[in-house]
Amino acid sequence: MIKLDDNTKKQLIDVAKNNQLYLEGNVIKLIDSEGDKEFEKYLKTSTEIDKTNRKKRLEVTKQIQQQNKQLISAQEQNENLMVELRQALESTENAKEMIEQDLDILQKKTQTELIGTIVKIALWVIIGVGVITSGLYLTVLIMGIDSKIIESTWSNLFGILLTNSFSIIGTIMGVKYVTENKN
């Protein structure tokens, strides 16, 4: 046991009265009051305050530990969400690329069909005009009518039809060449 002199006891009691400061910790158990009732009361009060302070510190520690557990749990959930978001983003980007490829294929198919339709119609128009003009020229020849005007018209018309057909085909081939994807 620790024995304190009367002056030290008095100083401890005065500090407690004036500043509300008491001894703390296990050292209180080792101090002997030596029958001094006032100092014994001081030691008892110090022990009670120490117990109260320890309980408060323990509660704060438990509360901090619980909050730390919650923060760690929330962090793990955030990390899991980030992983899921990255996976969803990758999946979306892959789907976007596939859709763009499908759209490109569909556009090329549509362009090819449109070009085919234009060529067919142009050929039918050229053939139709050629047949009609040739039929008209043949009729004039059979009937024996003067064919000088129809001859030059027929010749000019076939030249124009031939030029236009090559122009249409050239334009279509140029558009097809320009719209091709070149890597």
| Inter-centroid distance (Cα atoms) of region 100-115 relative to region 14-67, Å | 87
| task | Once you've got the Cα coordinates, tell me which of Lys17/Lys62; Lys9/Lys55; Lys10/Lys41; Lys29/Lys62; Lys3/Lys56 are over 24 Å apart. | result | Lys17/Lys62; Lys9/Lys55; Lys29/Lys62; Lys3/Lys56
| note | Which residues qualify? For Ile31, with a placed amide H closer than 5 Å and at least 5 residues away or on another chain, they are Ile2
| request: Could you run the Karplus curve 6.51 cos²θ - 1.76 cosθ + 1.60 with θ = phi - 60° over region 108-116 and give me ³J(HN,Hα) per residue in whole Hz, x for Gly and Pro? | output: 5, 5, 5, 4, 5, 5, 5, 4, x
| field | Cα-projected label distance for Leu4 with Thr153, points at 7 Å along beta-carbon direction, nm | value | 13.6
| query | How compact and how long is region 1-116, expressed as Rg and Dmax of its alpha-carbon atoms in Å? | reply | 37.3, 119
| message | Placing +1 on the Cβ of each Lys and Arg and -1 on the Cβ of each Asp and Glu in the chain, which of Ile142, Leu114, Leu4 has its Cα farthest towards the positive end of the resulting dipole? | response | Leu4
| query | How big is the charge dipole of region 2-179 about its Cα centre, in debye rounded to the nearest 20, if each Lys and Arg gets +1 on its Cβ and each Asp and Glu gets -1 on its Cβ? | reply | 400
| remark: Quick shape check on region 5-46: root eigenvalues a ≥ b ≥ c of the Cα gyration tensor, a/c under 1.5 is rounded, otherwise prolate if a/b tops b/c, else oblate, and it reads oblate
| note | Filtered hits (lysines, Cα-Cα < 23 Å from Lys108, offset >= 8 within chain) -> Lys96, Lys120, Lys176, Lys182
| note | Helix-only [θ] at 222 nm, the chain, -39500 (n - 2.57) per DSSP H run of 4+, per residue, nearest 500, equals -31500 deg cm²/dmol
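We did not get these values from a lab; they are worked out from the coordinates using the rules stated. Since the model is a prediction, treat every value here as computed from it, not as a measurement. All Cβ positions, glycine included, derive from the backbone under ideal geometry; neighbour counts span all protein chains shown.
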